[in-house]
Amino acid sequence: MTPPSTLRRRRHGARGAAAVAVLTLAVTAAVAVPAQAAGSTLKDAAADRGRYFGVAIAANKLSDSTYSTIANREFNSVTAENEMKLDATEPSQNQFNFTNGDRIVDWALANGKTVRGHTLAWHSQQPGWMQNMSGTALRAAMLNHVTQVATHYRGKIHSWDVVNEAFADGSSGARRDSNLQRTGDDWIEAAFRAARAADPGAKLCYNDYNTDNWNWEKTQAVYSMVRDFKARGVPIDCVGLQSHFNSGSPYPSNYRTTLSSFAALGVDVQITELDIEGSGQTQAETYAKVVADCLAVTRCTGITVWGLRDSDSWRSSGTPLLFDSQGNKKAAYNAVLDTLNGGVTPTPTQNPTPTQNPTPTQNPTPTQNPTPTQNPTPTQNPNPGGACSATLTVSSSWPGGYQGNVTVTAGSSGISGWRVTLPGGVSTNNVWNGQVSGSVVTNAPYNGSLGSGQSTSFGFIGQGNAPSGGTLTCS
Ligand code: G2I
């Protein structure tokens, strides 16, 4: 891993050279000031890559100066961890309380940060009066809540989690049963339409957990809903992947495929509640992989960590955050910063059991997806001695089109670039994580270098009938 100081020296050098050509006297200032500022905090390093870096914060901790100093120094986006939820904002029907939500929004805007709104409609954290409602009365109350809260914050919210966690865990691919769901399947799109009407400037997101592994039914179910919304003109702009990772619900090796697949639907992807249980280098490496995956997908526009210090986490015993309980930077912090600065491009290690999710601790009902119907288990590298090998899977199809995903795996010598020939008859000009010319796809600038046995992947939208999957020519 390249130490941050080395990276900063490299950045100084590049900027200094440009400055020399303009005005020698300005070199010292041009080198020292902007280069030191850029890339030395999470927010600056992320901004250099066109992303935001956010944190979930609690209003009552803003008076803790260690907390507010770090939050202000490192992050340029904030999410209210609890203060904008339904029970907080509408404790009695039609009587709204924005006191704590406003404290966070005011602090954020005063300090030049954007705000993610969390959340307008959710089965959980409902006030008592709403928990007891059903049918048309509940539908009307939910829409009134969406309208009133989004109107109150109009113009101040970058992205709203309009609907949170509406799909069931497990392999059903069904909606989660809830009082909101029982008002009719169209409750989600109704909420999105109400949010758009109330705040046309905010990006509107669907947000969920256990939607990180591309092979899981829950991921596929959310993907199908978003595709349907886009096809029918329901106003959705983004998908939030919460990404709470631990040993029971680990970072999946196909995470980048999930990000790029959602993005290919024409929505932004945001990592909205990132935390990774663990410690030391193992935790740091997983954080680096998540960041590298987001950077590899143009429409992955930002990352939010779900809390500041380990002691602030909803899972504090798992020490899942970037700062320790005293506010010191952890190895995970350095890994994230290095990756944002371009120092690390880890290739995800293969998950030995990509379709299993043994016992995710966050879930009331652990997710099992023993029989993913859409995406066969990635095949082993059939050609370990060659330069590279490539396998095609078709992850979904619809009348007139399909989505293909190709995993490229380096042979035992490693490679510095790759070239994959798509099957005859495939027609596409829509490829991500690769560059297409006719039927040949070559690596993108950032994913050509693969060490021995390492893999990367690219995706494409094809027209017509889907080809059968299998091995492709790779050189
Ligand atoms: O559960 C983790 C997150 C999953 N996705 C949606 C998020 O909204 C959710 O956040 C957590 C907060 O981190 C917790 O802080 O949501 C929990 C339930 O809304 C939050 O827990 C609540 C406790 O249930 C309350 O008893 C407590 O008063 O936190 C409150 C403030 O500490």
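Return yes when ARG103 is within 12 Å of the ligand (Cβ to nearest atom) and either among the polar types (S, T, N, Q) or closer than 30 Å to PHE75 by Cα (or both) and no when it is not. First the steps, then the outcome.
Numbers: within 12 Å of the ligand (Cβ to nearest atom): no; either among the polar types (S, T, N, Q) or closer than 30 Å to PHE75 by Cα (or both): yes.
In short, no.
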>> Looking only at region 128-156, count every residue that is within 16 Å of the ligand (Cβ to nearest atom) and open to solvent by 10 Å² or more (accessible area, probe 1.4 Å) and tell me the total.
In response: 2
>> Report every pair of residues separated by at least 6 positions or lying on different chains whose Cβ atoms are under 9 Å apart, first residue within region 116-136 and over 22 Å from HIS152 (Cβ atoms), second more than 12 Å from the ligand (Cβ to nearest atom) and open to solvent by 60 Å² or more (accessible area, probe 1.4 Å).
In response: HIS123/ASP177; SER134/ARG182; GLY135/ARG182
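Regarding GLN362, is this residue modelled with pLDDT under 95 and within 16 Å of the ligand (Cβ to nearest atom)? Before you say what the answer is, go through the steps one by one.
On the way: modelled with pLDDT under 95: yes; within 16 Å of the ligand (Cβ to nearest atom): yes.
In short, yes.
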>> I'm trying to understand the selection: among the residues of region 192-207, which are surrounded by 24 or more Cβ atoms within 10 Å (Cβ to Cβ) and part of a strand (DSSP E or B)?
In response: LEU204, CYS205, TYR206, ASN207
> So which of VAL297, VAL269 is free of Cβ contacts under 8 Å to residues at least 40 places away in the same chain and under 22 Å from VAL394 (Cβ atoms)?
Replying inline: VAL269
>> Restricting to region 212-242, and then to whatever is part of a loop (DSSP other than H, G, I, E, B) and farther than 15 Å from ASP268 by Cβ, can you tell me which residue is farthest from the ligand (Cβ to nearest atom)?
In response: GLY233
> Name the residues in region 38-62 that are within 16 Å of the ligand (Cβ to nearest atom) and under 14 Å from LEU322 (Cβ atoms), would you?
Replying inline: GLY54, VAL55, ALA56, ILE57
>> Being more than 19 Å from the chain's Cα centre (by Cα), surrounded by fewer than 16 Cβ atoms within 10 Å (Cβ to Cβ) and touching a residue at least 24 places away in the same chain (Cβ under 8 Å) narrows it down to one residue among THR99, THR89, THR66, THR41; which is it?
In response: THR66
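Looking for something within 24 Å of ASP338 (Cα to Cα), buried (at least 23 other Cβ atoms within 10 Å of the Cβ) and touching a Cys at 6+ places or on another chain (Cβ under 7 Å) - is there at least one such residue anywhere in region 255-266?
In the first step, residues of region 255-266 are kept if they are within 24 Å of ASP338 (Cα to Cα); the result is 255-260.
Among the residues that remain, those that are also buried (at least 23 other Cβ atoms within 10 Å of the Cβ) are: 255-260.
Subset that is touching a Cys at 6+ places or on another chain (Cβ under 7 Å): 259.
So far as region 255-266 goes, yes, one or more of its residues are within 24 Å of ASP338 (Cα to Cα), buried (at least 23 other Cβ atoms within 10 Å of the Cβ) and touching a Cys at 6+ places or on another chain (Cβ under 7 Å).
The values are calculated or read from the model by the stated rules, or taken from the named source; none is laboratory data. Note that the structure is predicted; figures quoted are calculated from it, not measured. Here the Cβ is made from the backbone with ideal geometry for all residues, glycine too, and neighbour counts use every protein chain on show. We work out accessible area using only protein heavy atoms, side chains counted, and drop any ligands, DNA or RNA first. Shrake-Rupley method; radii C 1.70, N 1.55, O 1.52, S 1.80 Å.
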